Structures are given as C-alpha cells and as structure tokens.
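Please read the structure below before turning to the comments.
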C-alpha cells in the first residue's frame, strides 16, 4: 500500500485540476467544444511529471525506469478513472443538456449514450497517460552516454559546492 500513496496523492490532485478546468469551461459555456480538451493533456503532463519527479527525489540513487514508469502510469490511470466518473455524473445528473450539445459539435452518426461517450473519455485519458509517461521518463532515465554522464557528474559537483 505504501507504494500506492504517492500516485494516489498526485492522481487526486491531477483529477481535481482536470475537474476544475472542466467546470471553468462549463461556466464560460465552452465545455461542449472538444478542442479545449487539448489543455487536459497539458494538465496531465504537469501532474504526471510532478509525480515522477517527486518519486525520483524520494528514491535518490535507487530510482529506476520501471518503477518511475509505474508511478506515472498509476497517476494517469487513477486520475483518468476519477475524471471519467465525474464526467459521467456531470452529463447524467448535473447538466442533462450537455450530451446533446456536445454531440452537435461532432458528427451525429455516433451513438449518443453516456456509456460510449464515457468510454471514449476514458480511452483518451489512458492513451494520453501512457504517452505522457513515456515522454516524461525520457527526462528521468539514466544516460549510458559517457560524455553525458561526465557532464552530469560535473554539474552535480558544482551544485554541491554552491550549496
């Protein structure tokens, strides 16, 4: 359970930010425009990056790629589940006109049930989480290039001397 605390904490914060952004869009009447969902990726990127960075600081030299990847994936997946549940609740209970208005902006050939729309929201969130985690882990992985390792060691020594 101790391994899950960090991803859950960041997932709760991340999903809170996603929900707040969605509600802000709803206040402005822009929540039916799917273009604004691209900002969700930026919010998710920041949350997943912060979770992995926090885990790396916590682990120090014991940090490895697979555990960092797991933290990122768990953070993204848990926050996606929370946001998808909120999205379904919002569309069915809080704003009954939301789903028809959303579907007017896209092709009407799709099934307009809340189940399929929620499924699409979840799949988009899961896919975004995987891509963002893979991208972030490129920043945190250990380099096997000799020149980069020497520069990193030199940079760390300079930081230690400055402290």
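Over 5 Å intervals from 0, what percent of Cα-Cα pairs in the range 1-91 sits in each interval?
The percentages, shortest bin first, are 3, 14, 24, 22, 14, 10, 7, 4, 2, 0.
Testing the spin-label approximation: label points 7 Å from Cα along Cα→Cβ at residue 104 and residue 134. State their distance in nm.
3.8
The numbers here are math on the coordinates, done by the rules we state, and not lab data. All values reported here derive from a predicted model rather than from experimental measurement. Cβ: placed from backbone, ideal geometry, glycine included. Neighbour counts: every protein chain shown.
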